[in-house]
Amino acid sequence: MTSHDRPSGESAADLLRAAASAVEAGDGSGVAEALQRIAAACPGTLAVSVRPLTPPTPLPCEQAPHITAPPGPVPYGQAPPTTVPLGPAPSGPVPYGRVPHALGPAPSGSGANRQAPDGGMPCGSVESPRHPDGDGGTGAALGALALREDEELPLASVGKLLLLAEVAMSVDGGTLDPDEPVALHDDDYCGGSGLLTGLSARTWTIGDLALLTAAVSDNTATNALLRRVGLDRVNAAGAALGLARTRLLDRIREPRGPEHPPVFALGTARELAGLAALVAAPAGWQALMRGWMLANTDHGLVPAFAWHDPEGRRLANKTGTDDGVRTDVGLLGPLAYAVLASGPPGSDAGLARAVRQAGALIIAASGTLP
């Protein structure tokens, strides 16, 4: 975070008072009006999606869907097809582990959307209704926390969540060993965020690299993991989770030249909030990924004005920062959220301000006001 991005104490107090008043309005109109004002003042495009979490209930499941990466490269700008079968799950091992289809409607008859024996939620999924009634004005406030949810925007390092999800699923499914050593190649090294460019060791485990990717958004660790796992495999796993428009386009590059894809990753706020809600599950690969996200050290965007409570485990998130991009996706108290802002080069301070202002509304709705 640069100095001109940092909010003043006075502006923080004003934002929180206004956010609390908007949430307490009762019918959601105050939140909707406040969000529209924030978007109007934003120097670019602001997208917001929030969904509440309910206590997940693990359900029995005969077998998870079979997922494989598509053969050959995926053309730039296209989301890869998923190979989740449209019928009963096949017999045999599950390469990536237990993967629910939780971010949107699954195809009819999909093995990833099988009902539990008691007729409840699909096996492995997290019950997370889009906008419940809630109590008092909170339910209406959550319903109003939605803006350009389906607009595709650049993600910067928030796109690393897709890589972390694939690594966590593969570790949980037994196809990746978190203790496997990965030697860094010269072309893995990349400037920008991270620590590995300043550390002497040249070999790290898969678990180390995942933690560095989540905790300090290490670009070198990201590139090493992508080289080990494969871009197509990451996008195939994302597609199997329901990420139809959220995908990686390239590795991390600093600088990014005209011969490269224009951005690292693209996606929508709705799909990313759904991914965050999925990561709230209490066990399996979701718990592993959430543990990495809990180690994130950047709380300067959406949760900037929330309580500092590292021991309480109320906050697990991943941020993204690039010239003209500020993004934040995660879990805050009882909510999953995604806030994406994109604008012209040099608009970073205004984008960060808009994300924090939207964050103040999310904080007020989540009950985590300081």
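Quick notes
- Whichever residue in the range 244-261 is surrounded by fewer than 23 Cβ atoms within 10 Å (Cβ to Cβ), under 18 Å from V325 (Cβ atoms) and in contact (Cβ under 8 Å) with a residue 12 or more places away in the chain and, among such residues, is nearest to the chain's Cα centre (by Cα): R245
- Taken over the range 170-195, the criterion of being free of Cβ contacts under 8 Å to residues at least 40 places away in the same chain, outside any strand (DSSP E or B) and of a type in the set (G, A, S) is satisfied by G194 alone.
- Hits in the range 221-243 (condition: in a loop (DSSP other than H, G, I, E, B) and either free of Cβ contacts under 8 Å to residues at least 12 places away in the same chain or touching a strand residue (DSSP E or B) at 6+ places or on another chain (Cβ under 9 Å) (or both)): L243
- Filtered residues of the range 349-362 (kept if out of contact with any strand residue (DSSP E or B) (no Cβ under 7 Å at 6 or more places or on another chain) and either among the charged types (D, E, K, R) or crowded, with 21+ Cβ neighbours inside 10 Å (or both)): R353, R356, Q357, A360, L361
- Restricting D232, D177 to those that are more than 27 Å from A47 (Cα to Cα), modelled with pLDDT of 95 or more and surrounded by fewer than 24 Cβ atoms within 10 Å (Cβ to Cβ) reduces the list to D177.
- Pair list, Cβ under 8 Å, 6 or more apart: the range 1-28 residue modelled with pLDDT under 75, other residue among the acidic types (D, E): M1/D298; T2/D348; D5/D348
- Restricting the range 272-330 to residues that are among the charged types (D, E, K, R) and surrounded by 24 or more Cβ atoms within 10 Å (Cβ to Cβ), the residue that is farthest from the chain's Cα centre (by Cα): R326
A quick yes/no check of all residues on (1) out of contact with any strand residue (DSSP E or B) (no Cβ under 9 Å at 6 or more places or on another chain); (2) in a helix (DSSP H, G or I); (3) not assigned by TED's automatic domain parsing to the domain that holds L361:
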{"position": "V167", "(1), (2), (3)": "yes, yes, yes"}
{"position": "T197", "(1), (2), (3)": "yes, yes, yes"}
{"position": "R245", "(1), (2), (3)": "no, no, yes"}
{"position": "P255", "(1), (2), (3)": "yes, no, yes"}
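- For the range 196-216, the set of residues classified as among the aliphatic types (A, V, I, L, M) and without any contact (Cβ under 8 Å) to a residue 60 or more places away in the chain consists of L196, L199, A201, I206, L209, L212, listed by residue number.
- Verdict on A277 being in a helix (DSSP H, G or I) and either free of Cβ contacts under 8 Å to residues at least 24 places away in the same chain or of a type in the set (F, W, Y) (or both): no
The values are calculated or read from the model by the stated rules, or taken from the named source; none is laboratory data. Fair warning: this is a prediction, and the values are worked out from it, not measured in the lab. Using ideal geometry, Cβ is built from the backbone for each residue, glycine included, and neighbour counts are taken over all protein chains shown.
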